[in-house]
1. State in Å² the accessible area per residue of the chain; use a 1.4 Å probe, count heavy atoms of protein chains only, and round to the nearest integer.
2. Would you calculate a helix-derived [θ] at 222 nm for the chain, using -39,500 (n - 2.57) for each DSSP H run of n ≥ 4 and dividing by the full residue count, to the nearest 500?
3. For the chain, what is the charge dipole size about the Cα centre, in debye to the nearest 20, if Lys and Arg each add +1 at the Cβ and Asp and Glu each add -1 at the Cβ?
4. Could you work out which residue, out of Asn233, Asn210, Asn72, moves most in a Gaussian network model of the chain, that is, has the largest mean-square fluctuation with Cα springs under 10 Å?
5. Give the Rg (one decimal place) followed by the Dmax (whole number) of the chain, computed from C-alpha coordinates and expressed in Å.
6. Under 18 Å from the Cα of Lys41, which lysines turn up, not counting those fewer than eight places away in the same chain?
7. Below 8 Å between Cα atoms, with a sequence gap of 6+, how large is the relative contact order for segment 67-171 in percent?
8. What lysines sit close enough to Lys278 to cross-link, taking a C-alpha to C-alpha distance under 29 Å and skipping anything fewer than 8 places away on the same chain?
Amino acid sequence: MARILNLPVKTTHDRVRKIRLLGHLNHGNKGRQNRKPNPDKTQILTAATKYEDFGISHVCELLESRDGISVNRETLRRWLARSRVRKVPKQRQRRDRRPNFGELLQIDGSFHDWFSESKACMINIVDDATNTAELHFDAQETIESACYAAWNWFTSYGVPQAFYADGRNMYHLDPDDDNQNFFTQMCRNLGIRIIMAHSPQAKGRVERWNGVHQRRLVPLMKLDGVRDMADANEYLKKYVVEHNKRYAKPAAGYNVHRPLPDWAECMGDVCFILIERKLKNDWTFSYKGKVYQLPRQSVYPPAKSKIKVKITISGRITAYYRCAEFNVR
């Protein structure tokens with residue numbers, strides 16, 4: 001046996017004896033730790049909980065200066081890594097498309113170097129069921145730019161059932177709040193719901209299409225000599241038609257768009273805000289620091305009551321007093 005194992009005879013006899021006695025050849029110190037555990041480990045970790053927002057090196061400094069505890073940085077890092085609970089990443093489930101065309105429109109602004117003039121924002125509206133798109137360029141993602149893009153959609157396809165947008169105030173306002181803006185009031189006038197997306201992943205389809213337009217539209221506009229925003233918005237008319245012809249697909253259900261009401265002849269008919277103002281004794285009222293004059297209706301001062309003032313997205317201001325209508329601008 002010693003010759004087979006290529007070991008001395010005495011060593012072979014010793015190992016056979018150990019196997020018969022213990023059943024194995026492991027060293028007696030296997031599994032033992034030579035260094036004794038730090039008796040202050042629990043105390044150190046308890047003290048370190050006060051400094052959760054600090055880096056490891058900073059925590060060591062604070063422990064030494066404020067608590068009188070000296071500990072090696074790497075040792076503390078290992079202890080904290082074992083004691084802290086790891087945050088499990090949130091698992092997201094892919095949402096199925098809505099079956100009907102016009103049931104849900106995703107809207108989002110994409111900031112990019114679209115043309116050589118400067119960085120601009122493209123308002124992108126995508127139908128959730130068919131990938132049909134509507135685009136509009138503006139300097140910023142503003143209420144007005146969202147309204148223009150939405151109005152282009154209304155005139156092309158009709159009134160949808162709902163918009164799906166992120167949590168910006170331009171898209172969402174508290175229903176109990178008296179504040180208004182053109183976009184939310186336009187949706188109320190046309191009976192459109194506004195659903196809030198609580199994460200970029202929730203409106204992933206419009207986010208992905210933003211990337212597609214950045215890769216395809218920018219070199220196309222550069223090739224065709226588009227240099228400013230006015231030319232870009234004109235260029236979008238042709239680009240959107242070709243884009244929808246290539247990427248839009250039939251809906252699994254029906255077209256649930258409603259036609260625009262007969263009274264909605266222009267954008268200002270649906271895109272406005274209605275506020276109350278006090279009519280003063282000289283037949284004037286104020287709005288955003290400006291004073292507006294109404295025609296005097298009698299030699300007497302007006303009744304001390306509030307008047308309704310309608311401001312359209314185009315800037316037209318109309319006042320209503322006792323069933324009379326006055327265009328002040």
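1. 65
2. Mean residue ellipticity, 222 nm, calculated: -10500 deg cm²/dmol.
3. It comes to approximately 2680 debye.
4. For the chain, modelled as a Gaussian network with Cα springs under 10 Å, the answer is Asn72.
5. 35.4, 132
6. Of all the lysines, those that pass the test against Lys41 - Cα under 18 Å, at least 8 places apart if same chain - are Lys50.
7. Worked out over segment 67-171, it gives 24 percent.
8. Partners within reach: Lys288, Lys290, Lys304, Lys306, Lys308, Lys310.
The values are calculated or read from the model by the stated rules, or taken from the named source; none is laboratory data. Owing to the predicted nature of the structure, the values given are computational and were not obtained by experimental measurement. In this analysis, Cβ positions are derived from the backbone assuming ideal geometry, glycine residues included, and neighbour counts consider all displayed protein chains. Just so you know, the surface numbers come from the protein's heavy atoms only, side chains and all, with ligands and any DNA or RNA stripped out. Shrake-Rupley method; radii C 1.70, N 1.55, O 1.52, S 1.80 Å.
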